[in-house]
Structures are given as structure tokens and as C-alpha cells.
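What follows is a single structure, written as C-alpha cells, with notes after it.
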Amino acid sequence: MCGEPFFLAQAVGRRMIEHSQTNSGFRGRIVNIASVAALRTMPRLGIYSMTKAAVIQMTRAQAAEWGRFGINVNAICPGYVRTEMNETLWETENGQRLIQSLPPPACRRRRGPGRSDPAAVLGRKPDDQRGRDRD
């Protein structure tokens, strides 16, 4: 479970390092996805929590090693994200208990339906919204 983010970041990082050596002023960004479960022990999520904690440590190591090449490496730790696969879980009593067990700061910062928005993570507007504010 932690191998995939590692191998992906290694492949991308290798290409970014090569690019940085021929392009002065190069700035690259890698955003790894961890979880609030990495920051807190939660019942029945032991293995998941451990692998997400490993993603955080991997991110710290990559940031320390690749910063000199102009590569910024960060991780985000979202709380619950409602998806088609888990939507019915969140409506159950157990799902509500799980949500309540998440660290309070994550719950307070995230408002709305809790759906994932890649555009927000990347700091840009979705493709269908680009240019509309110029009209």
C-alpha cells in the first residue's frame, strides 16, 4: 500500500531532477496524499494508519533530499472523503462514529459534502471553469 506512492514519486522525482539540471530556476511540486488517520491512532484502522504515516515520513525525506533541486514535496492529510464506494458507510451509526473520531481540526476546516476536489489540491480551477471569470 505504501510502495505505490514511493515508486511513483521516485519516477517523477528522477525526471524532475534531470530537468532541473538543464533548466535553471526550475521549480517542481509533488503532493503526496496521506490521511488524518496517520496522525492519530484509530480503532480498526491500524494497517491503514501505519501506511499513511509512512507516506508522511517518505514526504519528509523527499523534501529534505530533493529541495536542493527546486522540488517542493508536501503531503496533504484529508479527513473523510465521501465516494461512491463508501457513501453508504457514512450514513450508518458506525460511519458517524468514525467521522466523530477524526481529529477535530480536520473536521472544523473541511465544510461541505466532503467530496474530493483535485482542483483545490492543485490550487487551480477545474477545466470547465477556466476563463469564465474573464467573460
Checklist line | Scope the stretch 22-50; condition part of a helix (DSSP H, G or I) and more than 13 Å from the chain's Cα centre (by Cα); matching residues | finding: 22, 46, 47, 48, 49, 50
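Let's see how each residue does on (1) modelled with pLDDT of 90 or more; (2) hydrophobic (A, V, I, L, M, F, W, C); (3) more than 16 Å from residue 5 (Cα to Cα):
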{"residue": "37", "(1), (2), (3)": "no, yes, yes"}
{"residue": "55", "(1), (2), (3)": "yes, yes, no"}
{"residue": "80", "(1), (2), (3)": "no, no, yes"}
{"residue": "111", "(1), (2), (3)": "no, no, yes"}
{"residue": "126", "(1), (2), (3)": "no, no, yes"}
Note to self: Is it the case, given these coordinates, that residue 88 is at pLDDT below 90, surrounded by fewer than 17 Cβ atoms within 10 Å (Cβ to Cβ) and outside any helix (DSSP H, G or I)?
What the structure shows: no
Notebook entry, point to check: Of these, 49, 24, which one is crowded, with 17+ Cβ neighbours inside 10 Å and free of Cβ contacts under 8 Å to residues at least 24 places away in the same chain?
Noted result: 49
Next item on the list: Taking only the stretch 57-78 into account, find how many residues are more than 17 Å from residue 3 (Cα to Cα) and among the polar types (S, T, N, Q).
Entry: 2
Next item on the list: For the stretch 33-48, state whether one or more residues are farther than 30 Å from residue 95 by Cα and charged (D, E, K, R).
Entry: no
Check: Residues of the stretch 10-42 being hydrophobic (A, V, I, L, M, F, W, C) and either touching a His at 6+ places or on another chain (Cβ under 8 Å) or not assigned by TED's automatic domain parsing to the domain that holds residue 55 (or both), which ones?
Finding: 26
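The values are calculated or read from the model by the stated rules, or taken from the named source; none is laboratory data. Everything numeric in this text was worked out from a predicted model, so none of it was measured. Don't worry about glycine lacking a Cβ; one is built from the backbone with ideal geometry, like all the others, and counts go over all protein chains shown.
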